[in-house]
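Before any comments, here is the structure.
What follows draws every value from the coordinates through simple rules; no lab data is involved. Quick caveat, the model's predicted, so the values are computed rather than measured. Backbone-built Cβ (ideal geometry, glycine too); neighbour counts: all protein chains shown.
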Amino acid sequence: MPMSRRIEIELTSKRPDGTWTWRAAGAREPRGEVVDSVVPAGASVNDVMRADVETDLDGSRVLSITPPKAKNVRTGLLEILPSTRAFEPVTQQLAKKGSRGGDDRKGPRRERKDGDKPRGERKDGDRARGERKEGAEGRSDRPRRQFFDAPPELPQRPKAKRIRPLRVNVDAVLAELPEAHRTIAETVLNGGVPAVRAAIEEQNRLAVAAGKEKVPAEGLLQIAEQLLPRLRVAEWRDKAISAESIIHDIDLRDLRSIVVTSDQLVAIDEETRALVAKMKQGLVIRQETETKNWLDDVAAATSVGRVVRALRLSSQPPKAGVPFPAPLAAQVVAATVAGLTTDAPSERWIALLEAAAFSPVHAKVLPAAVPTVISEDLTKTVTRLGPLMPQIAALFGIAVDPKARPPRPLQVPRGDKGPHKRAGDLNKSADGKPGADKPRRGPKPPASVAPKPPAPAIASEPASEPVVAEVVETPVVESPQVAVSEAPVVAESAPSSEPAE
C-alpha cells in the first residue's frame, strides 16, 4: 500500500496546458508533473515548496503543496538617531608615582572627635605589644618537636634499560615457510606445541557441532614440533641482538633470562654460538659492575646518615648469594644502633627495624636499651619481626614462637594516591588480618586470545624431521637475603633504582 511522505520540491517549469513539472529540491529524483489546481496561487518557476508526495510502482504523485512560509519581519528594533553635539573623546591621566602620605595628601585632615581614642594611648586593661596572654606560659611544658638537618641527598644512578626485541629473525623464518605453515608457526610462537593441540581440539569441536569431519591432528602436530626448534632459535636471536646494542646498560633480569634460555637451544649454528658466548661474557661483566655499584651505594648512604636507605639497599643484591663484606656490615650495624636511642620516637624505631629485619645484618642489630616511650605500633612491629630479629624481641620482653613463619616486607600498594602511610599504619593492617603482611599481587593478566586454528589442508603432510621436545623458559628466582662474609670481598655494582628513605 503506497504511503505519502512530505518532501521539499522545486517547480522547474510550467507548460501551456497549465501543468507544472517538479523535482526534489536539490536532486534529480523523484520528479514528475502536477496540475495547476494543486499549485498555490502566485507560484513561479524555481520556487521551493513543501509537498505531500505518494510513491508507488507508477511513479511519484503530488497530493498537496504547502506554500512557503513568509519570513518574519523583525520588530522592536531601536533606531539610532544622529546627535548634533560634537564628539569628545575620553581621555585619562595617570597619577604620578610617589608617597601617598604626609604632605602629598590633598585637603584638610579630618578632625578627631571627642570620643576618639588617641593613637598610641592604651587603657589600663590593654596588654602591651609583645606580652603573652594569661596561661601562655603553660605551653613551655609541652615537649617541642626536635628539629635536625636532613642528610644530604645522594645522586640516583640511571635506571637499567629493558630490551625490546624486534622480529627480524622470526619474520625471516616465517617468510621462508609455505603459506599453509605460517598459521601453525604463529601459534607455536604464542604458546608452543600445546597451543597448536588446543587449537586443533577447538576446531574439531566446532566441526562436529556443524556436522563436518574432524581435522587429523597427527600431521599438524608433527609440523609444529619440527618448526619449534627453528622458531625458538630465531626468537632468541632477536632478543640477543637487541641486548647486544645495550649490553653495558641492560637490566640484569633480561640478560640472565637470555643466558639461561641459550642453554636450551637445539641445533644452533656457529654464528649463534658466538652470540651465546658474548651474552655469557656480558653477564659476568654486568654482574661485577652492578655488585660494585651496589656496595658503593650502601657505603655512601651509610656515610651521609641515610641509614634506612642503606639497610634497604643491602637487602637488594644484584645477584643471589653475593657475600656482604664484614667491614661494611659493621658500619651499617653501628649506624643502625646509633639511631635506636632511648629518646628516639617510636616512628624512628619502626622505620629502622622494618628496614633492618630484611637486611643481611638483621641478626647483629642490638640497641643498648628500649626507648623511653613504647607505643602500641612499636610493640606490634617488634612482635611481627620477632622471627627475623629474636634479639630485639627479647630486649622488649616479647616471646617468639619457634614455629612462626618469617614475615615479609610491608609494601604500599602501587598507584595509591592517598596520603603517605607510615610503617606503623601499615603494621596495623598487617596485624589485624592474617597474611596481610604478604605483598599484594597485581591485577590478573587478561585472558589469552585463543590461537587461530591451523589450516586443515596440511593435515596429511608427513613429518620429515625427528620430533623435538618443546623448550620451556624457566625464570631464575633469587632470594633477597644476602650472607654476611667474614672477610671483605671486592665486588662491583649497584641496583638501578634506590628506595627513598
Task: Per-peptide average of other Cβ atoms within 10 Å, ordering 275-284, 23-32 highest first - done: 275-284, 23-32
Task: Cβ crowding within 10 Å averaged over residues, with 223-234, 247-258 ranked highest first - done: 223-234, 247-258
Open item on the list: Give me the percent relative contact order of the range 21-74, please, defined on Cα pairs under 8 angstrom at least 6 residues apart.
Closed with: 30
Task: Under 5 Å, built H, 5+ apart or other chain: amide partners of S64 - done: D52
TODO: With label points built 7 Å along Cα→Cβ from the Cα atoms of E288 and I246, find their separation and express it in nm.
DONE: 2.4
Task: Inter-centroid distance (Cα atoms) of the range 14-60 relative to the range 240-260, Å - done: 80
Open item on the list: For Cα pairs less than 8 Å apart in space and 6+ apart in sequence, what is the mean separation divided by the residue count of the range 168-288, i.e. the relative contact order in percent?
Closed with: 26
Open item on the list: Need the full-extension length gain, V304 to V373, defined as separation in residues times 0.36 nm minus the C-alpha distance. One decimal, nm.
Closed with: 22.1 nm
Open item on the list: For a test of the definition: using alpha carbon positions, the gyration tensor, and the 1.5 limit on a/c, classify the range 168-288 as rounded, prolate or oblate.
Closed with: prolate
- [ ] Work out, step by step, the length gained on full extension between T66 and F87: first 0.36 nm times the residue separation, then minus their alpha carbon distance; give nm to one decimal.
- [x] 2.2 nm
Open item on the list: Only counting other Cβ atoms within 10 Å, I'd like E376, E235 sorted with the fewest neighbours first.
Closed with: E376, E235
Task: By average C-beta atoms within 10 angstrom, highest first, the peptides 12-18, 54-60, 180-186 - done: 180-186, 54-60, 12-18
Task: Sorted by Cβ density within 10 Å, fewest first, the residues I350, I285 - done: I285, I350
Task: Amide H partners (placed H, <5 Å) of K161, local residues excluded - done: I250, D251
Open item on the list: Order these by the 10 Å Cβ neighbour count, fewest first: F87, F324, F358.
Closed with: F87, F358, F324
TODO: Grab the beta carbon distance between A274 and D296, set R0 = 41 Å, and tell me the FRET efficiency rounded to 0.05.
DONE: 0.80
- [ ] Compute the Kirkwood hydrodynamic radius of the range 316-374, taking the inverse of the mean of 1/r over all pairs of distinct Cα atoms, and give it in Å to one decimal.
- [x] 12.4
